1. When only Cα pairs under 8 Å and 6 or more residues apart are kept, what is the percent relative contact order across region 45-156?
2. For the residue pair Glu110 and Leu12, what label-to-label distance in nm results when each label sits 7 Å from Cα along the Cα-to-beta-carbon direction?
3. What dipole magnitude, in Debye to the nearest 20, does region 45-156 give about its Cα centre under +1 on Lys/Arg Cβ and -1 on Asp/Glu Cβ?
4. Could you tell me which residue out of Phe68, Asn56, Leu136 lies farthest along the dipole of region 45-156 toward its positive end? Charges go on the beta carbon: Lys and Arg +1, Asp and Glu -1, centred on the Cα centre.
5. If packing is taken as the mean number of other Cβ atoms within 10 Å per residue, what is the order of 83-92, 153-162, highest first?
6. Would you work out which of Cys121, Val146, Val107 lies farthest towards the positive end of the dipole of region 99-170, given +1 charges on the beta-carbon of Lys and Arg and -1 on that of Asp and Glu, about the Cα centre?
7. Where a ≥ b ≥ c are the square roots of the eigenvalues of the C-alpha gyration tensor, would you call region 45-156 rounded, which needs a/c under 1.5, or, failing that, prolate if a/b is larger than b/c, or oblate?
Amino acid sequence: MAGRHRIGSEALWQSGVILVISVVLGLVVNHVRANRLEIFGDCSQLARSIMDYGDNLAISFDEAQRLFLSRKAIFLDARSRELFQWGHIPGALNLPLQAFDEYFERVMAEIPEDAMIITYCNGKGCGLSKELALSLIDKGYRNVHVLTDGWSLWEAHDFPIETGDRPGRE
């Protein structure tokens, strides 16, 4: 019986050594490869709103609210047409990311490239607003910001909402 216990503990110890060697080897290979993988990435909302070249697209909820109240920004809802119709920030336009090419000309026709634009979608994990902002930047718009978790925050603060389509944009 003692021999069997010794073989079991020896196999367990050897498995642990193999595991440690594998992890160390994987870390070394990752470190020397040209396009290494991030092991401990920053997944915060702020990090997700920073573009590759360092510009931060994020705008605070307070700043977005101030711009809304002073009517100094155009709000673009990146969600689907159906979600937009069920409720959106008053005065917002709908430019659903999944139909960007289809709606871009119609929605953005009268919006100058230097206009203050705030994109939003729903939920902290929603990346539609950032992707919409990047698409707008690709089209020449430079004053574009992302209101992370915009619709959820708007509702949580009991701010006014609109339903249905925006007139003149259909």
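Bear in mind that the values in this text are calculations on the coordinates, not laboratory data. The structure presented is a predicted model; accordingly, all values stated were derived computationally and were not measured. Heads up, the Cβs are rebuilt from the backbone with ideal geometry, glycines too, and the neighbour counts pull from every protein chain shown.
1. For region 45-156, the relative contact order is 29 percent.
2. 7.5 nm
3. In total the dipole reaches around 240 debye.
4. Of the listed residues, the answer is Phe68.
5. Those peptides, ordered most packed to least, come out 83-92, 153-162.
6. The residue sitting most towards the positive pole is Val146.
7. Note, shape of region 45-156 comes out rounded.
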